[in-house]
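Since the structure comes first, as structure tokens, the remarks are kept for the end.
A short reminder: the numbers here are calculations on the coordinates, not readings from a lab. Remember, it's a predicted structure, so these values are computed and weren't measured experimentally. Note that we place each Cβ from the backbone using ideal geometry, even for glycine, and neighbour counts take in every protein chain shown.
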Amino acid sequence: MPARQRQEFVFAVVGNPNCGKSTLFNHLTGLRQKVGNFPGVTVEKKVGKIRLDGAPAEVLLVDFPGTYSLYPTSQDERIVVQSFIHPQDENHPDAVIYVADVSRLAKHLLLFTQIRDLGLPAILVLNMADVAAREGLHIDADQLSEALHAPVVTLSGRTGEGFDLLKLEMRLLMDAPAHPPKPELFYTLSDAERAVVAELREQLPVQTDFQAVLMAHHAEWLPFLTDTQRTAIADMLQGHSFVSLRAQVDEIMQRYDRFTPIVQRALQQQPSDKTTDFTEKIDRILLHRVAGPLIFFGLMTLVFQAIFAWATYPMDLIEGFFTEAGGWLKYLLGTGWLSSVLADGILAGLGGVLVFIPQIAILFFLISLLEEVGYMARVAFLFDRIMQTFGMNGRSVVALISGGACAIPAIMSTRTIGNWKERLITIMVTPMISCSARIPVYVVLIGFVVSAEALGGWGQGLAMLGLYLLGIAGVFLSALVFKYLLRTREHSFLMLELPAYRTPVLRNVGLTVWEKVRAFVVEAGKIIIVISVILWALASYGPGDSLARAEADAREVALTNQLDDTETKDLIAARQIEASYAGILGRAFEPAIAPLGFDWKIGIALITSFAAREVFVGTMATIYSVGSAGDDELSIRERMAKERNPVTGKPVYSFATALSLLVFYVFAMQCMSTLAVVKRETKSWKWPILQFVFMSALAYLASLLVYQLLG
Amino acid sequence: MSATTCFKLVLSLHYYLDLIKIRMVAVTTSIPQPAVALQAGSVGTVARFNDERLGSKLLAMGVLPGSRLEILRAAPFGGGVVVKIDDHLLALRKEELLCIILK
């Protein structure tokens, strides 16, 4: 492999979970950070540029997932190992900024000694100095630095104190000689390890002993090894009776034995119990057998109430803006295909994406607030047992809750689940949680099922709740099915650190919201705009001169019935879509969906909704040509209520049809972006295809049942 | 025997004792018991682990032989437990707790 050639100097930011690593990263990089993925996996990778005075190269900071040791149990943690031990890896850092919580130093140094033994230059950052000082904890940084053979910086990610010193150390490190004298390893290799290392050195380019040791431990999955190398290493290990797990335990114990005295010497006062006292008191309530779950559901109700109540105003503003802009564009460009594709295709699609920003922002604001405080780890603990019954993990709860806003970030959040089967089940069922894109569909249709006055005005709200519960029931039932279908030999862990409760750092919350919104607009936006243009083409063109004939027909009808201008325009649009390719598709589709109570117009909406559910309302607006009256949900509903079956003369949107359609939207997999994310997460088309088939089948059967029983 | 040899001997003895501890041979004065037998509120000292896979991960998370272990509370719905290891809190499943053997 060719050596990397670049003019950048890369610092990796590493540390144990809950060490304050992201706070430090956010403080150093601010908005100059980009979120991408580590190649080959969808572990989120944050890269930020920082300015160092007089630096000879561009300085990049890469935020690595939090991990406890170089013996990983989840995909997240594997990233650290594979990029650190392979110098040719795209993410191999030039140096490491290792973040440790001062008050937990006796535990947080384990990973530091491992990284040091790999031969990577590292700066040890003692974070949360402000908290430590308040608790009367003092540490001798110079002594620690001497004992660990590394620069040590004391700082506070919260107050910003000490960052100048860190930058200075980074700058010094960049000028340091490429091959500093090697300090002693923090542990002694066993005979078996020494033999394996010697043999590995002959076969592979190995810089340090510990690098070879880690290659031996992780040969099974390390991506840069070839299959031949893998079998060779496996044989080698067997020949020297090298037992990986036993060696791991020995090594970790030795490390603790060596650095514990160092920490004790450097600590001028032992940590007090104050923070844990406070945390334990709160846990007594939040983790209470009865109160705990009740408080959780109370909080979630508040979160959803916030999403619905607060988001309405900005959403109305965004919608209003796009309606205005569309009208203005048409006025400016006149009539013609260009103004049509811009206003009805791209602008309408863009509006359909941007309108969800307020909801996504509010959800992630609240969720990351709970995460920052330290509550989310508790949620995983509370529900671990229940989730295990359904083949998932306590951590799945977080994904399922986020699914209430959008399945895409929710599915991406499953990467903290180490067990593949639990993670896969969570990915497969999460899209059945009613996401925010279903809300407009529910709003339009619910009026046909329950009147606004029903149950003293509470009827529609309760029906909405019922739809959400139906989705949740679907989640758990299908999780059970997957639990019995999927096989795995992998271990499942909970083993979760419950961090001490802390006041949230608002910068972290703000950056999370910004990131998620940006990812949604860019990722989902691209697809939705493309689909919108395709839809526009399907609805605007037909075979031969069929559209022109439809328009002529409509004008004749309008003349005989003495319709005004607006009504004429609406009639032309309706007749034209019937004659367009979309109309033809819908009619071809009709026999399949007739048993569900759907006609060809609903068929068109179903086809377009396979791109994204929220397209439903827009499609309905086009089909029923209320386009001239704007994208208002109420005006669409009024128009749909007038729709009669041409044969029977009864309303098309009867109770049974509307309910059947609602149930269909609860279960159906109608989101291309989600399928794309699932493909990326599972690294195969098998799972998204299976997900699409089973969710569509479930939707079809459920709707069939509803319509046949009630229709 | 000179003082240095004596010192070296004590050092190596200490080292081998540790190794024996890890090698899952109980070096204890009282009868060892799994932590899962503890009631909420009771305290023990970690001696060793009876499962290497879980033990290795617990070690990395700071559960060491000699650590003080206190059971704080059980999860609702018969799930895991919250334990206090020295000065921090961990959520463990029953089988994860079961692998910790106390002194």
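Side notes on the structure shown:
- Its DSSP H runs of at least 4 residues, each contributing -39,500 (n - 2.57), put the calculated 222 nm mean residue ellipticity of the protein assembly as shown at -18500 deg cm²/dmol, to the nearest 500.
- Antiparallel %, DSSP beta bridges [both residues in chain A], to 5: 40 percent
- The stretch between A:Arg51 and A:Ser684 holds 223.9 nm of extra length on full extension. This uses 0.36 nm per residue minus the Cα-Cα distance.
- Among the GluC sites (Glu not before Pro) in the stretch A:139-226, those placed in a DSSP loop whose Cβ has at most 11 other Cβ atoms within 10 Å are A:Glu184, A:Glu220.
- Sequence-distant lysines (8 or more away, or on other chains) whose Cα lies within less than 20 Å of A:Lys601: A:Lys569, A:Lys642, A:Lys650
- Take the Cβ atoms of A:Leu317 and A:Gln708, set R0 to 35 Å, and the FRET efficiency comes out at 0.20.
- Per-residue average of Cβ from other chains inside 10 Å of B:90-96: 6
- Burial order of peptide ranges A:670-676, A:530-536 (average beta-carbon count within 10 Å, highest first): A:670-676, A:530-536
- Radius 14 Å from Cβ of B:Lys94, net charge of other residues (Lys, Arg +1; Asp, Glu -1): -1
- For the stretch A:455-497, the list of chymotrypsin sites (Phe, Trp or Tyr not before Pro) that fall in a loop by DSSP and count at most 13 other C-beta atoms within 10 angstrom reads A:Trp458.
- Take every pair of alpha-carbon atoms less than 8 Å apart whose residues are at least six positions apart; their mean separation over the length of the stretch A:66-217 yields a relative contact order of 20 percent.
- Applying 1/(1 + (r/R0)^6) with r as the Cβ-Cβ distance of A:Phe278 and A:Asp175 and R0 = 56 angstrom yields a FRET efficiency of 0.80.
- Cross-link pairs exceeding 31 Å between alpha carbons, from the set A:Lys21/A:Lys421; A:Lys34/B:Lys84; A:Lys330/A:Lys679: A:Lys34/B:Lys84; A:Lys330/A:Lys679.
- Listing A:Thr648, A:Thr426 from fewest to most neighbouring C-beta atoms within 10 Å gives A:Thr648, A:Thr426.
- Per residue Cα convex hull volume in Å³ - calculated over chain A: 195 Å³
- Residues A:Ile346, A:Ile417, sorted so that the one with the fewest Cβ neighbours within 10 Å comes first: A:Ile346, A:Ile417
- Relative contact order for chain A, counting Cα pairs under 8 Å that sit 6 or more residues apart, in percent: 11 percent
- Likely footprinting exposure, A:Leu287, A:Leu506, fewest C-beta neighbours within 10 Å first: A:Leu506, A:Leu287
- Neighbouring partner chain Cβ atoms per residue of B:74-86, average, 10 Å criterion: 6
- For the stretch A:478-543, the spread of Cα positions along each principal axis, largest first, Å: 64, 44, 17
- Loop GluC sites (Glu not before Pro), the stretch A:447-542, which have at most 14 other Cβ atoms in a 10 Å radius of their Cβ (DSSP): A:Glu453, A:Glu490
- Pairs of Cα atoms nearer than 8 Å and 6+ residues apart set the relative contact order; for the stretch A:483-597 it is 25 percent.
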